[in-house]
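One structure is given below, encoded as structure tokens.
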Amino acid sequence: MSSTSVPRKLIDVSYAEYAREYLRNLGMEHHMEATGQATQRKITLESLDLVHARRPDVQIFNELLVQYPRPGQKKPGQVVPDNMVVLHDEPIEADGSFNVPTQDAEPFWMLEYVSKSNKRKDYDDNYDKYEKELKVPYYLTFYPDEQELTLYHLKGKRYVSVKPNAEGRYAIPELDLELALLDRWVRYWYRGKLLPLPAELQADLDVARLQAKEERLRAENAEQRAKNAEQRAKALERELEELRRRLK
């Protein structure tokens, strides 16, 4: 199926049916997820949402079916990354599936978190799809149980593992982003600064509120001390005037 010879609406209709067929045929293992996989997806979504707030062109998707044409085959290729990043200035509409022929941008970065005790996907097959068929520029794999993190970058026709920089992080220059393991999870740095998680943001807010309260109390105490000093001065002045009156 070629996107140049078939109208977009017809491609959307046929791809929608392929998406429904894909969902109908999912095995039970695809509806189960290890805690490590779920936790890392949550961390990634929360972190890259902060990147999106600064760079709207960085758009992240969560377990979205990606469908793409395969030369000489009627049925499209299909893959579901744990997370996917697409670079595009305009909002991307992908209702149910991301159909490459009808989108104005292609996947830029695929992220997958693998638990050997609960493999929901054929990750070796996915590697080939990303490298040879979709030609996705970046691909990340993380094994939470083994603490194995690898970031691949497409160089020509093959993936090459990215080497850590001087800070021990793996850089994606196009996103102003770095990543590395921190406290057993993949964490993200944007323009050199660690992206906080919501719990950390709340903790920072609580600290800021406490500091503001302490400053307010200090100011109120200083104001009260000033009033007390003024009252003492006035009392002393009255006592001095009374003493002068008696001495006359």
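The values are calculated or read from the model by the stated rules, or taken from the named source; none is laboratory data. Because the structure is predicted, anything quoted here is derived from the model rather than measured. FYI the Cβ positions are ideal-geometry reconstructions off the backbone, even for glycines, and counts take in every protein chain you see.
Filter segment 45-101 down to the residues that are more than 30 Å from Leu194 (Cα to Cα) and among the polar types (S, T, N, Q) and list them by number. Once the filter is applied, which keeps residues that are more than 30 Å from Leu194 (Cα to Cα) and among the polar types (S, T, N, Q), segment 45-101 yields Gln67, Gln73, Gln78, Ser97, Asn99. Any residue at all in segment 69-80 that is in the same structural domain as Glu21 (by TED's automatic domain parsing), under 19 Å from the mean Cα position of the chain (by Cα), in contact (Cβ under 8 Å) with a residue 12 or more places away in the chain and closer than 24 Å to Pro173 by Cβ? Checked against the condition, which is being in the same structural domain as Glu21 (by TED's automatic domain parsing), under 19 Å from the mean Cα position of the chain (by Cα), in contact (Cβ under 8 Å) with a residue 12 or more places away in the chain and closer than 24 Å to Pro173 by Cβ, segment 69-80 yields no hits at all.
Considering every residue within segment 172-187, establish whether at least one is part of a helix (DSSP H, G or I) and surrounded by 11 or more Cβ atoms within 10 Å (Cβ to Cβ).
First pass over segment 172-187, keeping only residues part of a helix (DSSP H, G or I): 173-175.
Those still in the list that are surrounded by 11 or more Cβ atoms within 10 Å (Cβ to Cβ) too: 174-175.
Scanning segment 172-187 turns up at least one residue that is part of a helix (DSSP H, G or I) and surrounded by 11 or more Cβ atoms within 10 Å (Cβ to Cβ).
Looking only at residues of segment 56-78 that are touching a Leu at 6+ places or on another chain (Cβ under 9 Å) and surrounded by fewer than 17 Cβ atoms within 10 Å (Cβ to Cβ), we find that the one that is farthest from Pro91 (Cα to Cα) is Gly77. Checking the structure you have, find out if any residue of segment 121-142 is farther than 20 Å from Leu87 by Cβ, outside any loop (DSSP other than H, G, I, E, B), hydrophobic (A, V, I, L, M, F, W, C) and in the same structural domain as Ile60 (by TED's automatic domain parsing). Looking for residues that are farther than 20 Å from Leu87 by Cβ, outside any loop (DSSP other than H, G, I, E, B), hydrophobic (A, V, I, L, M, F, W, C) and in the same structural domain as Ile60 (by TED's automatic domain parsing), one finds at least one in segment 121-142, hence yes. Residues in segment 154-171 that are more than 17 Å from the chain's Cα centre (by Cα) and in a strand (DSSP E or B): how many? So the answer is 6. Exactly one residue among Ala219, Ala208, Ala203 is among the small types (Gly, Ala, Ser), without any contact (Cβ under 8 Å) to a residue 12 or more places away in the chain and farther than 30 Å from Lys42 by Cα, and that residue is Ala219. Of the residues making up segment 102-136, those that are modelled with pLDDT of 95 or more and hydrophobic (A, V, I, L, M, F, W, C) are Ala105, Phe108, Trp109, Met110, Leu111, Leu134, Val136.
Kindly indicate whether Val162 is at pLDDT below 95 and in contact with a strand residue (DSSP E or B) (Cβ under 6 Å, 6 or more places away or on another chain). Write out each step before concluding.
Details: at pLDDT below 95: no; in contact with a strand residue (DSSP E or B) (Cβ under 6 Å, 6 or more places away or on another chain): yes.
Here the answer is no, as Val162 does not meet what is asked.
Filtering segment 79-95 to residues that are surrounded by 13 or more Cβ atoms within 10 Å (Cβ to Cβ) and not aliphatic (A, V, I, L, M) leaves Pro81, Asp82, Asn83, His88.
Within the group Asp89, Asp12, Asp57, Asp95, which residue is of a type in the set (Asp, Glu), modelled with pLDDT of 95 or more, in the same structural domain as Tyr143 (by TED's automatic domain parsing) and out of contact with any strand residue (DSSP E or B) (no Cβ under 6 Å at 6 or more places or on another chain)?
One residue alone meets the criteria, Asp89.
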